[in-house]
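Below you'll find the structure, written out as structure tokens, and then a few comments.
The values are calculated or read from the model by the stated rules, or taken from the named source; none is laboratory data. Predicted model, so just to flag it, every value in this text is computed and none were measured. Counting neighbours? That spans all protein chains shown, and the Cβs are built from the backbone with ideal geometry, glycine included. With ligands, DNA and RNA removed, areas are computed over all heavy atoms of the protein, side chains included. Shrake-Rupley method; radii C 1.70, N 1.55, O 1.52, S 1.80 Å.
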Amino acid sequence: MTGAEVAIGKIGFEYAKKIFSPVIKYLLTQDDINNTIRTIASKIEEIQKVKTIWQYDKSVNIIDFYYPTKIRIDSSLIQVEEYKDFKTKKPIVIEGNVGRGKSIFLRYLAYNEFIRKGKIPIFIECRKIRTDNLMDSIDEILLSYGFPNDAKVRNKLLHEAKFALYLDGFDELSSKYTQTIIQQIEFFVSQYSNTHLVMTSRPFSDIQNATYCEVYKISDVLDIKGFITRIVDLDYSIEDLVEKIEKSGSEIQSLLRSPLLITLLVFTYRVYQEIPDQFSDFYKNLFEILLNRHDKTKAGYKRERSSNLNDIELQHIFEAFSMITHKQEKLEFTKEEMVNIFQKGLDIIDVKSDATLVSDDIQKITNLIIPIGMKYQFIHKSIQEYYAAVFIQKRDEEGAKKAYKYLLENTHINRQVLNFLEEIDAYRYVRYFYNPLMQDIF
């Protein structure tokens, strides 16, 4: 049985035909109808599967590790399972800081809306939008489902109450498209009111200011023990880890309010058997841990590196790569683009090696960059941001001045990089960023 048939099996093929009847009427033959139903189910299965920092070597179904997310609605914490739980008919923005599990929640919601309500998901990752026309991305998905490439058919489809539009990571949308896409979303909402719209974003993204949206914050209250039990199979006592967390003081406990940070905590704890003190400490040794995690499972074994570079050289190149791609506002790249950027990184740190081999080592050994289809992307935006910050922290004084000048001029896309620098480069952060910022304000 194929993955698509498994997905259909959740609701039954005949029931699938029934709930899709308002939209599959635009198809010509019974074969077209059957193929489209299977394709839709297959695409929904793709939405369900992700690669995580924990499960780095394979895609996993979010249903297998999903821990219930709660949303703050009217001063109450609500476990949202369906769109109706929001108690509004407006477009929705789910807001949350780095690593809060926004994307996983959105995928879970899309799956549930399909299984329970028959809502066909149009799921778009905003970082992949390469045009200022939102409808191009919507058309691409409808075409992939098997619907005709016809604007009239598309308009009829979207008027039906069988679709839901999901925009994941609005803050990751290229800044040159932001205002145009916001205007197009407003037009979409006015034209296709039967199509539910749910978006995710970090705070301070322009979409939260749109008057046609309701903004809800993802809860920062998380049952640490329950979450760890759900996501990982540990070879040591969870109770011991939780006890150490509880004894670590209020500062570290206040940081552990996101799935990402708790996952990183488990990673570092397995190696160092200690609890980090602050946010940046979760990332500090992550590259080295991931670079060597395979070797630690076999006594006396050291994995051969294609590039023949040592750990420090590889990390320095990765830091340069992170800074370059962050300035370019790129989280996703082709193989050729990735190799070219690694070559720039080699040039910056003045190390001689083959950029293709360096790319292979970092991508295949650390899995901080993963293949998605024919492209590659950072496993999480915060990885890029932290190592971009480390790159700046390691610059000499003249290089730091230039870097902080860039940050000062582009604060809107560098907030998290600045948060990391405030911790790891505190003196120069105040001297070259905070003080000039205050002078500009006052």
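Over the chain, what is the percentage of antiparallel beta bridges among all DSSP beta bridges, to the nearest 5?
Taking every DSSP beta bridge within the chain, about 45 percent pair in antiparallel fashion.
Only helical DSSP H runs with n ≥ 4 go in: add -39500 (n - 2.57) per run for the chain, normalise by residue count and round the 222 nm mean residue ellipticity to 500 deg cm²/dmol.
Working: 23 runs with 228 residues, N = 442.
Computed mean residue ellipticity for the chain: -15000 deg cm²/dmol.
Give the long-range amide H neighbours of Ile120: residues separated by 5 or more places, or on another chain, with amide H under 5 Å away, using H modelled in the peptide plane at 1.01 Å from N.
Those qualifying (amide H under 5 Å, at least 5 residues apart or on another chain) are Phe163, Ala164.
Lysines within cross-link reach of Lys244: Cα-Cα under 19 Å, excluding same-chain residues under 8 positions apart?
Lys225
With θ set to phi - 60° and the Karplus curve 6.51 cos²θ - 1.76 cosθ + 1.60, what are the ³J(HN,Hα) couplings of the stretch 388-399 in order, to the nearest whole Hz, using x for Gly and Pro?
Rounded to whole hertz, the list is 5, 5, 4, 4, 5, 4, 8, 6, 5, 4, 5, x.
Under 15 Å from the 7 Å Cα→Cβ point of Lys84, by amide nitrogen: which residues of the stretch 95-123?
Flagged as within label range: 112-119.
Whose amide H sits under 5 Å from the amide H of Gly101, counting only residues 5 or more places off or on another chain, with H placed in the peptide plane?
It is Leu260, by chain and number.
Considering only protein heavy atoms, what per residue accessible area in square angstrom results for the stretch 346-442 with a 1.4 angstrom probe?
49 Å²
Check cross-link reach from Lys70 to the lysines: straight Cα distance under 16 Å, and skip same-chain residues fewer than eight apart.
Those lysines meeting the cut-off are Lys84, Lys87, Lys102, Lys217.
May I ask you to compute the full-extension gain from Ser190 to Asp223, defined as 0.36 nm times their residue separation minus their alpha-carbon distance, rounded to one decimal in nm?
Values: separation 33, 0.36 × 33 = 11.88 nm, distance 3.96 nm.
Stretched out fully, the Ser190 to Asp223 stretch lengthens by 7.9 nm.
With every protein chain left in place and a probe of 1.4 Å, what is the accessible surface of Leu408, to the nearest 10 Å²?
50 Å²
Label the stretch 313-357 by shape, choosing from rounded, prolate and oblate, from the square roots a ≥ b ≥ c of the eigenvalues of the Cα gyration tensor; if a/c is under 1.5 it is rounded, and otherwise prolate applies when a/b is larger than b/c, oblate when it is not.
On the way: a/c = 2.19, a/b = 1.34, b/c = 1.63.
Oblate shape, in that a/c is at least 1.5 and b/c is the bigger or equal ratio.
So for Lys330, Lys375, what's the accessible-area order with a 1.4 Å probe, most first? Before the final figure, lay out each step's value.
Numbers: Lys330 45, Lys375 75 Å².
Result, largest first: Lys375, Lys330.
Set the Förster distance to 25 Å, then compute FRET efficiency between Glu397 and Gln439 from the Cβ-Cβ distance, nearest 0.05.
For R0 = 25 Å, the calculated efficiency reads 0.80.
Helix 102-117 sits at what angle to the longest principal axis of the chain, using alpha carbons and giving 0 to 90 degrees rounded to 10?
20 degrees
Got a sec? What order do Leu167, Leu143 fall in by accessible area at 1.4 Å, biggest, i.e. largest, first?
Listed by decreasing accessible area, they come as Leu143, Leu167.
Would you mind checking which residues have amide H under 5 Å from Met199's amide H? H placed 1.01 Å from N; only 5 or more apart, or other chain.
Ile92, Val93, Ile94, Leu167
Counting Lys and Arg as +1 and Asp and Glu as -1, what is the net charge of the other residues whose Cβ lies under 13 Å from the Cβ of Gln183?
Neighbourhood net charge equals -3.
Rounding to the nearest 10 and keeping the result within 0 to 90°, find how far the Cα-based axis of helix 335-349 lies from the longest principal axis of the chain.
20 degrees
Could you work out how far helix 259-272 tilts from the main Cα principal axis of the chain, as a 0 to 90 degree angle to the nearest 10?
Tilt of helix 259-272: around 40 degrees.
Tell me which label goes with the value of volume of the Cα convex hull per residue in Å³ computed from the coordinates here: (i) 160; (ii) 196; (iii) 170.
Matching the structure shown: (iii).
Taking a cut-off of 23 Å, what percent of all Cα-Cα pairs in the stretch 327-442 are separated by more than that?
Everything past 23 Å amounts to 38 percent.
Could you work out the local net charge near Asn410, counting Lys and Arg as +1, Asp and Glu as -1, over the other residues with Cβ closer than 11 Å to its Cβ?
Around Asn410, the surrounding residues sum to +1.
For the stretch 72-146, state what percent of all Cα-Cα pairs lands in each successive 10 Å bin, counting from 0 Å until the bin that includes the largest distance.
Bins of 10 Å from zero give 15, 44, 33, 8, 0 percent of pairs.
Could you give the radius of gyration (one decimal) and Dmax (whole number) of the Cα atoms in the stretch 113-212, in Å?
Gyration radius and largest Cα-Cα distance of the stretch 113-212: 13.2, 38 Å.
In what sequence, largest accessible area first, do Thr131, Thr200 appear using a 1.4 Å probe?
Details: Thr131 35, Thr200 0 Å².
Largest to smallest exposure gives the sequence Thr131, Thr200.
Please tell me the relative contact order of the chain in percent, rounded to the nearest whole number, where contacts are Cα pairs under 8 Å and at least six residues apart.
Taking the mean separation of contacting Cα pairs over the length of the chain, I get 14 percent.
Rounded to the nearest 10 Å², what accessible area does His316 show when all protein chains are kept and the probe is 1.4 Å?
70 Å²
Taking DSSP loops as anything outside H, G, I, E and B, show the longest stretch in the chain free of GluC sites (Glu not before Pro) there with at most 15 other beta carbons within 10 Å.
Result for the longest clean stretch: 83-273.
Give the shape of the stretch 331-392 as rounded, prolate or oblate, defined through the alpha-carbon gyration tensor: a ≥ b ≥ c are the square roots of its eigenvalues, a/c under 1.5 means rounded, and otherwise the shape is prolate if a/b is larger than b/c and oblate if not.
oblate
State the extension gain, in nm to one decimal, for the chain segment bounded by Thr356 and Ile73, taking 0.36 nm per residue of separation less the distance between their alpha-carbons.
97.0 nm
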